[in-house]
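Notes for the one structure printed next.
The values are calculated or read from the model by the stated rules, or taken from the named source; none is laboratory data. On a predicted model such as this, the values are computed, not experimentally measured, just so you know. All Cβ positions, even for glycine, are placed from backbone atoms using ideal geometry, and neighbour counts span all protein chains on display. Ligands, DNA and RNA are stripped out before the accessible areas are found, and what is left, the full protein with its side chains, is counted by its heavy atoms. Shrake-Rupley method; radii C 1.70, N 1.55, O 1.52, S 1.80 Å.
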Amino acid sequence: AKSSNSFQEGTHYELDDQTNISPSILSKLSRNLHLQPHHPLFILRTQIEQHFPHFSYFNTFSPIVTVQKNFDDLGFPKEHPGRNKTDSYYINKQIMLRTHTSAHQLELFSKRNKKFLISGDVYRRDEIDSSHYPIFHQMEGAQIFNIQNAEQEISEDKKYLISLNLTTSKITPLRDNNEVNDDTIISANNPIQSCHPIEQVNFTIQHLKFSLNSLIKKLFVNYDENLKIRWIDAYFPFTSPSWEMEIFFKGKWLEICGCGIIEQEILNKAGQNDKIGWAFGLGLERIAMVLFDIPDIRLFWSHDNRFLNQFNNFNDNKIIKFQPFSKFPPCIKDISFWLNDQDFHENNFCEIIRNIAEDLVEDVKLIDEFVHPKTKKRSLCYRINYRSMDRTVTNEEINKIQKRVREDVTEKLNVTLR
Ligand code: PHE
């Protein structure tokens, strides 16, 4: 049976058996945090834009896109796990919430853009903790050069970038290990595309690394002069070679960006056969959490002025550190159940909790797992940490929520509560 629903003013979408989008997600579609003046994501977006002054900026594309744009156009294989209903939000078989801002690349190249930035909200079904939220924001960047004289175009652009960034004495020149080395190029797992002349790719890679390293150094200039950056080989269907960029933060490497040399197929489809170029996608919350010391990703969604007002007087020369208002006490509840089949997926479980508890759920952790020696049935125990960011929750209200969670879990997942 087909039903219809209006998700966006004036537009109706058919629902089908692929539909898995929930009211709590839909209610966030109009928030546009990256466009809200003084919001930390707005501040970060405009700082990144300042680093790429000759680019075109696209900040208002709708997050509702076709599966074609989000996956097919970018060369995602049919069996790519990102396409699964457990990982992405579908309105129906053809229409989904974008999982990344790369969904708009082909369109912009087709319209003959040569350098652009796109910012926007992206949606992924995920686990629940202080750094995961089903919506986050990305900033996509891309630049293409004429394949024949990439070298010249790039060295002119690089001179420009240097003059832009090295005026602040605090920014140290890039260390050698940030430059492309031969290992990167010949790595069999991360090959350059056979259609690309080696010299021209090499310049393009250097330009990508230079652009991103100088951006990150500039963003963090007041924060940590000796910020450690590393690039590791990665895989994306729409770039080759591909990397992830990581920064060293609180004793750990933190991934903040995926990037690479654009698959020529995509540029060819866009009618840009004579170009070569790079693209990146930065995770804005990750960077903002480090820069501004924001401890919980839910705070970005807060309407609380004790959060928002702290960013009102931001200027480039002053570091803003978020002053946490006192943490309200948590309310912790455990839930255990037997799995009746192999289909259990943690993202589905987390989605049920989120739909009921919304932003009152802070963290969901698997704390115990057990296989019955005779029946071989698996039992899981999860600890749900409920907490509000602006008030003390009562045990009574959380009990009600927990009761609904238990009911919904029984109804929607094939499990038996213990
Ligand atoms: N879209 C990728 C992601 O969301 C990041 C990326 C963008 C990688 C552009 C390469 C080029 O993970």
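Couple of notes before you dig in:
- Inter-centroid distance (Cα atoms) of region 237-279 relative to region 353-418, Å: 38 Å
- Straight-line cross-link reach from residue 376 at under 17 Å between alpha-carbon atoms covers these aspartates and glutamates, not counting any fewer than eight positions away in the same chain: 341, 343, 368.
- Percent of alpha-carbon pairs separated by more than 15 Å within region 286-373: 71 percent
- Accessible area of the chain belonging to carbon and sulfur atoms, whole % at 1.4 Å probe: 49 percent
- Modelled spin labels at residue 49 and residue 313, positioned 7 Å past Cα toward Cβ, are 2.5 nm from each other.
- One decimal place: the segment residue 235-residue 410 gains 59.2 nm when fully extended, by the rule 0.36 nm per residue minus the C-alpha distance.
- Of all lysines in the structure, the ones whose alpha carbon falls short of 19 Å from that of residue 228, not counting any fewer than 8 places away in one chain, are 170, 209, 217, 218, 250, 252.
- Student exercise, the chain dipole from Lys, Arg, Asp, Glu Cβ charges, in Debye to nearest 20: 820 debye
- Region 100-157 and region 188-231: distance between their alpha carbon centers, rounded to Å: 15 Å
- Most positive-pole-ward Cα, 200, 128, 97, against dipole of the chain from beta carbon charges: 128
- Every Cα-Cα pair of region 16-171 was included, and the share exceeding 23 Å stands at 48 percent.
- Accessible surface, region 1-138, averaged per residue in Å² (probe 1.4 Å): 42 Å²
- Calculated diffusion of region 189-320, Stokes-Einstein form, Kirkwood radius summed over Cα pairs, 4 °C and 1.567 mPa s, µm²/s: 77 µm²/s
- Using θ = phi - 60° in the Karplus curve 6.51 cos²θ - 1.76 cosθ + 1.60, the 3J(HN,Hα) couplings for region 109-120 round to 5, 4, 8, 6, 6, 10, 8, 8, 10, 10, 10, x Hz; x is entered for Gly and Pro.
- The label-point distance for residue 127 and residue 418, in a model that sets each label 7 Å from Cα toward Cβ, rounds to 2.0 nm.
- Taking 0.36 nm per residue of separation and subtracting the current Cα-Cα distance, fully stretching the chain between residue 372 and residue 107 would add 90.1 nm.
- Distance histogram for the chain (every C-alpha pair counted, 10 angstrom bins, percent rounded to whole numbers): 4, 20, 28, 26, 16, 6, 1, 0
- Helix-only CD estimate at 222 nm, as mean residue ellipticity for the chain, using -39500 (n - 2.57) per DSSP H run (n ≥ 4): -8000 deg cm²/dmol
- Couplings 3J(HN,Hα) for region 405-418, derived from phi with the Karplus relation 6.51 cos²θ - 1.76 cosθ + 1.60 (θ = phi - 60°), are 4, 4, 5, 5, 4, 5, 6, 9, 10, 7, 9, 10, 5, 9 Hz, where x marks Gly and Pro.
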